[in-house]
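Participant: Input: one structure, supplied below.
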Amino acid sequence: MRLALTKRTGDSIRILMHLASLPAGSRRTSAQLAAASGVSNGNVATLIAAMSRAGILDCARGPGGGCALARD
């Protein structure tokens, strides 16, 4: 049996792996995540919103904002 992932799933995993490689509590903006993961800026925003609603990411707006993993 072969496991096939969608492009959105693969992109989400790349974003999560990048955030997991950072020190705990580090926040990154969507532009920084796009550059680090190779995912387009528009797709990063969509994926971040979905993962934030699911409780996977903790995102904040404004100065000092960005996204971080919600759990260790």
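Participant: Looking only at region 18-51, count how many residues are part of a loop (DSSP other than H, G, I, E, B) and farther than 13 Å from G66 by Cβ.
Facilitator: Final tally of qualifying residues: 6.
Participant: If you don't mind, another one. Kindly provide the set of residues from region 30-51 that are surrounded by 15 or more Cβ atoms within 10 Å (Cβ to Cβ) and in contact with a strand residue (DSSP E or B) (Cβ under 8 Å, 6 or more places away or on another chain), ordered by number.
Facilitator: S30, L33, A36, I48, M51
Participant: Looking at region 52-72, which of its residues are part of a helix (DSSP H, G or I) and surrounded by 11 or more Cβ atoms within 10 Å (Cβ to Cβ)?
Facilitator: Across region 52-72, the qualifying residue is only S52.
Participant: Does region 4-17 include one or more residues that are in contact with a His (Cβ under 9 Å, 6 or more places away or on another chain) and either at pLDDT 90 or above or assigned to a loop (DSSP other than H, G, I, E, B) (or both)? Give the derivation first.
Facilitator: Filtering region 4-17 for residues in contact with a His (Cβ under 9 Å, 6 or more places away or on another chain) gives none.
Checked against the condition, which is being in contact with a His (Cβ under 9 Å, 6 or more places away or on another chain) and either at pLDDT 90 or above or assigned to a loop (DSSP other than H, G, I, E, B) (or both), region 4-17 yields no hits at all.
The values are calculated or read from the model by the stated rules, or taken from the named source; none is laboratory data. All values derive from a computational prediction rather than experimental measurement. Neighbour counts run over all protein chains shown; Cβ positions are idealised from the backbone, glycine included.
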